[in-house]
1. Looking for something closer than 19 Å to Arg123 by Cα and modelled with pLDDT of 95 or more - is there at least one such residue anywhere in the range 42-52?
2. Filter the range 4-21 down to the residues that are touching a strand residue (DSSP E or B) at 6+ places or on another chain (Cβ under 8 Å) and at pLDDT 95 or above and list them by number.
3. Among His88, His120, which is out of contact with any Ser or Thr (no Cβ under 8 Å at 6 or more places or on another chain) and more than 26 Å from His18 (Cα to Cα)?
4. Just checking, how many residues over the range 1-16 are of a type in the set (S, T, N, Q) and within 14 Å of Leu47 (Cα to Cα)?
5. Quick one: how many residues across the range 28-46 are closer than 14 Å to Ile11 by Cα and out of contact with any strand residue (DSSP E or B) (no Cβ under 8 Å at 6 or more places or on another chain)?
6. Does Arg28 satisfy the criteria of being of a type in the set (Lys, Arg), modelled with pLDDT under 95 and out of contact with any Pro (no Cβ under 7 Å at 6 or more places or on another chain)?
Amino acid sequence: MSCRVIIDTSILMLAHTHKVDVLSELRRLGFTELFVPQGVLLELRGLSRRGGKEGVAARVALALAERCIVCPSPREVPIDDFLLELAHEMDAALATSDSELRKRARKAGIALVGMRGLDHLERL
């Protein structure tokens, strides 16, 4: 089982919306290398400019993402495609709460981490 995990925007946003300590939860699950692609940071920066709860959640998520290992991602490749490609290449799990991305990851045989209940993450 890999100790690496690629983290998607949707999971990082849970830190604020569901009051989940995302990074601690991932470490509790045994992950020691937490990766966030540059494209996720760009997505969060864009969301952080919005007002309301979504903007606040994005700012919290951005602060968490910057504590992870940031890896470059090509701008010309859609971020979801890159997340799947990176997880496959690195033999890493993918942490996401995006249902469509989960379906694609399952088809590709990529290990998943997601929300269970209202307060913790689990390997799926």
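The values are calculated or read from the model by the stated rules, or taken from the named source; none is laboratory data. These figures come from a predicted structure and were not determined experimentally. In this analysis, Cβ positions are derived from the backbone assuming ideal geometry, glycine residues included, and neighbour counts consider all displayed protein chains.
1. Checked against the condition, which is being closer than 19 Å to Arg123 by Cα and modelled with pLDDT of 95 or more, the range 42-52 yields no hits at all.
2. Narrowing the range 4-21 to residues touching a strand residue (DSSP E or B) at 6+ places or on another chain (Cβ under 8 Å): 4-8, 11-12, 14, 18, 20.
The answer is Arg4, Val5, Ile6, Ile7, Asp8, Ile11, Leu12.
3. Working: His120 fails: more than 26 Å from His18 (Cα to Cα).
That would be His88, the only listed residue that is out of contact with any Ser or Thr (no Cβ under 8 Å at 6 or more places or on another chain) and more than 26 Å from His18 (Cα to Cα).
4. Taking the range 1-16 and keeping what is of a type in the set (S, T, N, Q), we get 2, 9-10.
Right, trim to within 14 Å of Leu47 (Cα to Cα) and you get 9-10.
The qualifying residues number 2.
5. 2
6. Numbers: of a type in the set (Lys, Arg): yes; modelled with pLDDT under 95: no; out of contact with any Pro (no Cβ under 7 Å at 6 or more places or on another chain): yes.
Considered against the rule, which asks whether it is of a type in the set (Lys, Arg), modelled with pLDDT under 95 and out of contact with any Pro (no Cβ under 7 Å at 6 or more places or on another chain), Arg28 comes out as no.
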